[in-house]
Amino acid sequence: MIRTFRDLKVWEKAHCLVLSIYKVTKKFPAEEKYVLVSQIRRSAASVPTNIVEGFKRKTDKDYAHFLNMADSSLEETKYQIMLARDLGYIQEDEFNGLNELCDEVGKMLYRFYMKLTN
């Protein structure tokens, strides 16, 4: 039974993504602290944050809206991960792991969104 947002598997996976992003971005160059590090952390954290906010909405339509926003933030995060790789801030294996995690979250968000809207 789902009693709180913590019971949602999609939230749990999105939270793991944020923790992974924070870990990886710790080693970015100092000059990126207020640029790419801040942006990628913000967009990644927006994914589970929107899931949580949607969870407390009264209608499925409202909830679905927040899942859509979470998915949009996820796409932003995916681009920033690619940018970090292309700039040489993360290795290919780190990129692949983060990208795979993003894909898992994306699939879960899509299935959840479809369940709410159908």
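FYI, it's all coordinate maths here, none of it is from the lab. Note that the coordinates shown come from a computational prediction; the quantities given were computed from them, not determined experimentally. Because the Cβ atoms are built from the backbone with ideal geometry, glycine has one as well, and the counts that use them run over all protein chains shown.
Going through (i) 117; (ii) 92; (iii) 191, the figure that equals volume of the Cα convex hull per residue in Å³ as computed for the structure here is (ii).
Give me the net charge of residue 85's neighbourhood, meaning all other residues with Cβ under 12 Å from the Cβ of residue 85; Lys, Arg count +1, Asp, Glu -1. Intermediate results must be reported in sequence, preceding the final value.
Working: positive: 78; negative: 86, 92, 93, 94.
Charge balance near residue 85 sits at -3.
Highest-first packing order for the peptide set 1-11, 61-71 is 61-71, 1-11, based on the mean count of other beta carbon atoms within 10 Å.
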